[in-house]
Amino acid sequence: MSEQILKAKQSKSQSINSWVRDKERLSHDFIEDSINIKSKQINIGDIYTCEIGENIGEEQCNSRPVLVVSKTFYNNHSSNVTVVPLSKTILTKVVIKNGKRRTSLKVRTHFKLKKTDFPFLDADSAVKCEQIRSISKSRLSVKKGTIDTDTLKKVQTRLKDLLDL
């Protein structure tokens, strides 16, 4: 086994062990305060900081912003919400059409949120719709802000494409 692979495995093991402790804390917090966590009011279009945890391969992990995509009614009657993670890594490609050169997103399921439009973001971010997941509300910490209805509809279009709806 190469030195580089061995170091990567050791680093991943350390990250997983750290996440196990964090996940245990979040689980205990939920047990102790499940009524308040379940009753937490969360709206579709809200962006929260989320403890996603340590994952495998190219899944998003760690603490990062997520966009709530489940209906407000569902969110407010459950201890779970459905979210998509945001990433500061925005993959683009150059497209030349009719002699005009422009930059577009490389992945069809991504949507770019600009910091100029949403100043509560730390940076321009890609909404990664292909990484949709349901999570416990206990993973959500700070509400950063809410996106507008038109932007949410554009994200929902990518979700519909992903899920073939």
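Checking the stretch 147-164 against the condition returns a match, with at least one residue being closer than 30 Å to residue 35 by Cβ, at pLDDT 95 or above and either of a type in the set (A, V, I, L, M) or not in a loop (DSSP other than H, G, I, E, B) (or both). Within the stretch 89-117, the set of residues being assigned to a loop (DSSP other than H, G, I, E, B), under 30 Å from residue 26 (Cβ atoms) and in contact (Cβ under 8 Å) with a residue 40 or more places away in the chain comprises just one member, 109.
From the residues in the stretch 94-150 that are closer than 18 Å to residue 52 by Cα and among the β-branched types (Val, Ile, Thr), which one is surrounded by the most Cβ atoms within 10 Å (Cβ to Cβ)? Residue satisfying both the conditions and the ranking: 127.
So is residue 42 over 30 Å from residue 76 (Cα atoms) and surrounded by 13 or more Cβ atoms within 10 Å (Cβ to Cβ) or not? No: the conditions fail for residue 42. Residue 46 - would you say it is of a type in the set (D, E, K, R) and either modelled with pLDDT under 90 or in contact with a Phe, Trp or Tyr (Cβ under 7 Å, 6 or more places away or on another chain) (or both)? No, not satisfied. Figure legend. Inter-residue proximity from the stretch 142-165: first residues farther than 17 Å from residue 110 by Cβ, second residues of a type in the set (Asp, Glu) and modelled with pLDDT of 95 or more, beta-carbon distance below 8 Å, spacing 6+ or different chains. Indicated pairs: 143/46; 145/46; 146/46. For the stretch 51-88, a tally of residues being over 19 Å from residue 153 (Cα atoms), in a loop (DSSP other than H, G, I, E, B) and modelled with pLDDT of 90 or more returns 5.
The values are calculated or read from the model by the stated rules, or taken from the named source; none is laboratory data. Remember, it's a predicted structure, so these values are computed and weren't measured experimentally. No Cβ is skipped: glycine too gets one built from the backbone with ideal geometry, and neighbour counts run over all protein chains shown.
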